[in-house]
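Where a number appears in this text, it was derived from the coordinates with a stated rule and is not lab data. No experiment lies behind these values; they were computed from the predicted model shown. Using ideal geometry, Cβ is built from the backbone for each residue, glycine included, and neighbour counts are taken over all protein chains shown.
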Amino acid sequence: MSALKPVRGTHDILPGDMHRHRHVEQTAREVARRYGYAEVSTPIFEFTDVFARTLGDTSDIVTKEMYTFEDKGGDSLTLRPEYTAGIARAFISNGLAQELPLKVFCRGPMFRYERPQKGRLRQFHQVDVELLGVAEPLGDVEVMALGADFLAALGVADKVTLELNTLGDAESRAAYRAKLVEYLEGHIDGLSEESRLRLRRNPLRILDSKDEGDRAIVAGAPLMSESLNAASRNYFDELGAGLDAAAVAYRINPRLVRGLDYYCHAAFEFTTEALGAQGTVLAGGRYDGLIAQMGGPPTPGTGWAAGVERLAMLIEEPPPPPRPIAIVPIGEAMGERAIAVAQRLRGAGFVADLGYSGNVGKRLKRANKIGARAAVLLGEDELARDAATVRDLDTGDQVEVPLSDLVEHLARYQKP
Ligand code: ATP
Ligand code: MG
């Protein structure tokens, strides 16, 4: 352990990265707003049961990735590895059953103990949308259209593909499970140890295995689509028709499953080839059984989460923030006037930077270093005339401007 290094798999987000990060979050928030999703936030930690009892005790998250600890009161708590279970818990604790359909957007840090690599961190961030109370495929269409619009607004639409599958309803899944187990038992010698364990407890998870031997076997496995009952098939057909109507392009991937137990019907991922092995940028699906399983009133749900760090790597540099206006006092006596002018400009909506010390040369150097667009030079002579000198730092041109006109004059450099 070194107290001077961040914990493995965590990182500091400095201004350059934060600019991208915020752009991703802000774009998601704005697109979600247009769909009528209200922003909420739930605690970063929950009772361990919130996750352990819902995500499935064979999921990667529950078996090896949770940050679980006992607090001083003896409760077992877990830093949230994902948002959905916390939202479901909040829905129940706040008695929101009368508020359906409930449409929420949330964002924040998530924690998973995994092997850190590019695009895979131990503290990372997600933006997330959840739609509760809509059992119709139209609900899935809406959240997927929201996801597609979000990625388009980030300028990455042509780098991602929406992959879609159905996991069917419980009856279809049971029928499929039986067929799958029969097939996998015939290949048991080739399966990884982990998958052999999953075979009895949750064979569907084997379809999601990252082990190469498993993948070769899975390639020949029967498909879910062959086990769908009429209701599940109908559901999936309607979903496809809805996506067509919304002009959301997708590709059916019959091998796509999601790693968590609570999914049914729609499962989807937006993936890219541009990020190497960590190619899934946004993923989600339908979770009709989750809230009832947690002890709440049976309530259908659908939604997705997207990895902010992965998207921040994928986007072009977002538009830069406005360049500051530097306030430069000439001579020590002008220091307090400079404070007053800077405050006035900030009050009017400008980004004003007040150098802290040094002569005019040093302050102008700093103005250049921070990329200031213009400098307001405050000298005794001009001030005696209630004026200041405004220098365009790109052209070097300068003019004397009455203080009363300063705000109006500077608007050419920075719209307040
Ligand atoms: P994977 O198969 O890559 O482990 P997952 O199924 O565990 O993904 P989800 O739980 O669906 O991922 O999370 C939704 C999104 O959050 C992912 O598509 C990804 O963009 C992002 N994400 C998940 N885990 C991490 C992580 N450890 N570091 C960074 N981003 C992550
Ligand atoms: Mg994972």
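In the set P329, P324, only one residue is out of contact with any Leu (no Cβ under 7 Å at 6 or more places or on another chain) and surrounded by 13 or more Cβ atoms within 10 Å (Cβ to Cβ); that residue is P324.
Taking the range 276-310 as the range and being within 16 Å of ligand 1 (Cβ to nearest atom) and farther than 22 Å from T27 by Cβ as the test, the residues that pass are G276, A277, G285, R286, Y287, L290, G301.
In the range 34-61, the qualifying residues are those that are more than 20 Å from I92 (Cβ to Cβ) and within 16 Å of ligand 2 (Cβ to nearest atom), and the one that is nearest to the chain's Cα centre (by Cα) is I61. Any residue in the range 277-294 that is among the basic types (K, R), within 18 Å of E130 (Cβ to Cβ) and either within 16 Å of ligand 2 (Cβ to nearest atom) or under 23 Å from the mean Cα position of the chain (by Cα) (or both)? For the range 277-294, residues among the basic types (K, R), within 18 Å of E130 (Cβ to Cβ) and either within 16 Å of ligand 2 (Cβ to nearest atom) or under 23 Å from the mean Cα position of the chain (by Cα) (or both): present. Residues being assigned to a helix (DSSP H, G or I) and under 37 Å from the mean Cα position of the chain (by Cα): count how many of those fall in the range 377-416. So the count comes out to 1.
Residues that are more than 16 Å from ligand 1 (Cβ to nearest atom) and touching a strand residue (DSSP E or B) at 6+ places or on another chain (Cβ under 9 Å) number at least 1 in the following helices (runs of 4 or more DSSP H) confined to the range 178-258: 230-245.
For the range 341-376, how many residues meet the condition of being touching a residue at least 12 places away in the same chain (Cβ under 8 Å) and under 43 Å from the mean Cα position of the chain (by Cα)? Residues meeting the conditions: 24.
In the range 62-71 there is at least one residue matching the filter, namely being charged (D, E, K, R), more than 16 Å from ligand 2 (Cβ to nearest atom) and more than 24 Å from Y263 (Cα to Cα).
Residues of the range 104-142 that are on the phi > 0 side of the Ramachandran plot and within 11 Å of ligand 1 (Cβ to nearest atom): G119 alone. Candidates A246, A221: the one that is of a type in the set (G, A, S), closer than 17 Å to A145 by Cβ, touching a residue at least 40 places away in the same chain (Cβ under 8 Å) and surrounded by fewer than 20 Cβ atoms within 10 Å (Cβ to Cβ) is A246.
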